[in-house]
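Engineer: Please see the structure below; I have some questions.
The values are calculated or read from the model by the stated rules, or taken from the named source; none is laboratory data. Since the model is a prediction, treat every value here as computed from it, not as a measurement. Positions of Cβ are generated from backbone atoms using ideal geometry, with glycine treated the same way; all protein chains shown enter the neighbour counts. Accessible surface is based on the protein model in full, side chains and every heavy atom, while ligands, DNA and RNA are left aside. Shrake-Rupley method; radii C 1.70, N 1.55, O 1.52, S 1.80 Å.
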Amino acid sequence: MGHDVVPGIYVSGQLSAHCEWIRAHDTRARPEDIITSGSASNGVLRVAVLPTDNAVLTSAGCGEWTLESPSSNPPPWDTTFSRRNQPTMLSSSSDHTCALRPDMTVVCWGSDAYDQSSPEKARDRDDAPLAPEKLLFTSISTGGFHTCGLRPDRTLLCWGDDSEGQSTPLVRSTSGLFVAIDSGTLHSCAVRRDNAPFCWGSDGPELAGVPTPTPVGREASDWDGLRRSMPPPNQRFDLISAGGQHTCALRGDGSAMCWGDPRYGQTSPPEEKRFMAISAGGLHTCAIETNGTAVCWGSDEMGQATPPEGVTFSAVSSGLRHTCALRSDGAAVCWGSDTQGQSSPPDPDARYAAISSGGIHTCALEVDGTAVCWGNDLYGQASPPEGERFAVGRTGMETEEPTT
């Protein structure tokens, strides 16, 4: 293996038919994110681009790739591009996990007590079954006992537990198209195409049985920042992450803002830092700075908010009391509680395209789309179906951005 490439390169190529499920497109990558084998002398290399923008391109057995140097050397790390292009292909929750196939269908495993692992049981407003074409998704997110997905037409669909309205986003709003979605324990949030945040589900005035104040108005001066499901007014975000009792989001300039339960400092991000990724966990939050450094805040009783030093990351996922991230070379690194092995990846030499921390388990996607999980498996949430290959980045079948 080598890193004999230069900043600002472009990777392009064509897939063979049997690997069509890896949807490829030209992408910009940093040299440290590229693993190569073969010879550069003839311009042909086998290349794996690990997730700078949540896309993985691999040519091992899938055709040949070429490296192209552009006429001008563009910035090697475009954080705005990265944040605005992060579909979620794999998502782990407390007791279930879901992932997307390349054809945009969803597969879930683990607990199905509330039908959270059975998208085929989702119903429309008239309580009628949905046609198969209505069950295709470009991004998926599991909550406590519910699941939500972003469809190719940029609309939302949720299923599972709806005791707090966390599975009925369209009851509260029928307008807007969306670009990002994330599910928390009892609430869910999305980002509209105009970057406005939109949340639904549990909104207090109690958080896990603890009474909290209620805002007296929608003016910014009246906002107390305690309700997890009502975003602060007049804000615009690129990304949003719903946690246990709080929510965090990234603005276009990479600055973070959080709201909800502040008791452990999980809603107090460092103001001076700029991030390219953020993940709200049970009572803590972790984010990745634009230089790849992981930064966490909030509850740290199990070390879940203390990332390793001197390591650069490309993706991060906060669980209940642990955190897992992907190093820049695609290796999985976890910290925090390890009571059920949720912070102990089984193969230190494996390289992954995506990672997702659940309650007491973790799942990841290898670069060939194979799902691997570790940790608590009481309900089968750490036992992905055998023989499945999931999308490793974009499905490549999303519709074009709608115009208005």
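Engineer: Would a scan of the range 296-314 turn up a residue that is in a strand (DSSP E or B), aliphatic (A, V, I, L, M) and open to solvent by 20 Å² or more (accessible area, probe 1.4 Å)? First the steps, then the outcome.
Structural biologist: Taking the range 296-314 and keeping what is in a strand (DSSP E or B), we get 296-298, 313-314.
Okay, now just the ones that are also aliphatic (A, V, I, L, M), so none.
Checking the range 296-314: not a single residue is in a strand (DSSP E or B), aliphatic (A, V, I, L, M) and open to solvent by 20 Å² or more (accessible area, probe 1.4 Å).
Engineer: Further, regarding this structure: Name the single residue, out of those in the range 322-349 being closer than 17 Å to Thr97 by Cα and touching a His at 6+ places or on another chain (Cβ under 8 Å), that is most open to solvent (accessible area, probe 1.4 Å).
Structural biologist: Ranking the qualifying residues of the range 322-349, first place goes to Gln340.
Engineer: Might you let me know whether the range 166-178 holds any residue that is open to solvent by 20 Å² or more (accessible area, probe 1.4 Å), more than 26 Å from Tyr264 (Cα to Cα), assigned to a loop (DSSP other than H, G, I, E, B) and modelled with pLDDT of 90 or more?
Structural biologist: No, the conditions are met nowhere in the range 166-178.
Engineer: Could you list, in sequence order, the residues of the range 315-349 that are in a loop (DSSP other than H, G, I, E, B) and among the hydrophobic types (A, V, I, L, M, F, W, C)?
Structural biologist: The first filter runs over the range 315-349 and keeps only residues in a loop (DSSP other than H, G, I, E, B), leaving 319-321, 328-331, 337-349.
Leu320, Ala331, listed by residue number.
Engineer: Mind checking which pairs have a first residue in the range 335-351 that is in contact (Cβ under 8 Å) with a residue 40 or more places away in the chain and more than 19 Å from Glu309 (Cβ to Cβ) and a second that is assigned to a loop (DSSP other than H, G, I, E, B) and open to solvent by 20 Å² or more (accessible area, probe 1.4 Å), Cβ under 6 Å, 6 or more apart or different chains?
Structural biologist: Once the first residue is in contact (Cβ under 8 Å) with a residue 40 or more places away in the chain and more than 19 Å from Glu309 (Cβ to Cβ) and sits in the range 335-351, its partners that are assigned to a loop (DSSP other than H, G, I, E, B) and open to solvent by 20 Å² or more (accessible area, probe 1.4 Å) give Arg351/Val367.
Engineer: State whether one or more residues within the range 363-370 are of a type in the set (Val, Ile, Thr) and modelled with pLDDT of 95 or more.
Structural biologist: No.
Engineer: Kindly provide the set of residues from the range 109-142 that are closer than 19 Å to Gly359 by Cα and crowded, with 24+ Cβ neighbours inside 10 Å, ordered by number.
Structural biologist: Across the range 109-142, the qualifying residues are Gly110, Gln116, Ser117, Ile140, Ser141, Thr142.
Engineer: Only residues that are open to solvent by 10 Å² or more (accessible area, probe 1.4 Å) and either touching a His at 6+ places or on another chain (Cβ under 6 Å) or under 17 Å from Val107 (Cβ atoms) (or both): list them for the range 143-157, please.
Structural biologist: Result: Arg151, Leu157.
Engineer: Name the single residue, out of those in the range 350-391 being touching a strand residue (DSSP E or B) at 6+ places or on another chain (Cβ under 8 Å), among the polar types (S, T, N, Q) and assigned to a loop (DSSP other than H, G, I, E, B), that is surrounded by the fewest Cβ atoms within 10 Å (Cβ to Cβ).
Structural biologist: Checking each candidate, the answer is Ser383.
Engineer: Can I ask one more? Report whether or not Arg193 is surrounded by fewer than 18 Cβ atoms within 10 Å (Cβ to Cβ), in contact with a helix residue (DSSP H, G or I) (Cβ under 8 Å, 6 or more places away or on another chain) and in contact (Cβ under 8 Å) with a residue 40 or more places away in the chain. Talk me through it step by step, then tell me what you get.
Structural biologist: Working: surrounded by fewer than 18 Cβ atoms within 10 Å (Cβ to Cβ): yes; in contact with a helix residue (DSSP H, G or I) (Cβ under 8 Å, 6 or more places away or on another chain): no; in contact (Cβ under 8 Å) with a residue 40 or more places away in the chain: yes.
Here the answer is no, as Arg193 does not meet what is asked.
Engineer: Specify the residue that is least open to solvent (accessible area, probe 1.4 Å); the eligible residues are those in the range 254-295 that are assigned to a loop (DSSP other than H, G, I, E, B) and among the acidic types (Asp, Glu).
Structural biologist: Asp261
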